[in-house]
Amino acid sequence: MEDPSARIEIEAPLEQVWAIMLDTERYGEWNPFVERAETAQPPAVGNPIVLHVVWANGRRTRSPERITALQGPTTSADGTTTARMSYAYEGWPSRLGLVRGVRHQVLTQRPGGPTSYETVEEFRGPLVRLAGPARVADGFRRHAEGLKRRAEAPAGRTSPPEG
């Protein structure tokens, strides 16, 4: 079984996309998958984060997570800039060893190019199938599309989340 993932090209500077990702208090303005993310501000490694998820069928759930990586924009010798945000699932199935998940969100921008957004959930455990990897992948796709719309919107304009 393949880990749920999504990828999209965004015509905006990486630093702008990164700022949107870190502004968890405004997720409801653009994110059709994670309508709310509760965490201390600013987000920091080790902080708990509760994601309020909206599935494609309209059902909602809370997902307790912990931020495991926040690597702000860094530029390599070849001019490629990258940034990463990761968090680990901490719900009761994880505590029982039944479903473990770590989500990575990575931004990459080569000089003069668009920002590439990639996300993947590394699922492990005997009940992974019950976690619904296909519906998670659908949510990641909707999240990526919302991030693209938000980052590419003209300054001062926001677009509502689309399902």
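The values are calculated or read from the model by the stated rules, or taken from the named source; none is laboratory data. These figures come from a predicted structure and were not determined experimentally. We place every Cβ from the backbone using ideal geometry, glycine too, and count neighbours over all the protein chains shown.
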Residue pairs, Cβ under 9 Å, 6 or more apart or interchain, first in segment 124-142 and under 11 Å from Leu98 (Cβ atoms), second among the hydrophobic types (A, V, I, L, M, F, W, C) and assigned to a helix (DSSP H, G or I). List them. Gly125/Ala131
Which one is modelled with the lowest pLDDT among residues in segment 129-158 that are out of contact with any Asp or Glu (no Cβ under 9 Å at 6 or more places or on another chain) and either charged (D, E, K, R) or surrounded by 17 or more Cβ atoms within 10 Å (Cβ to Cβ) (or both)? Arg157
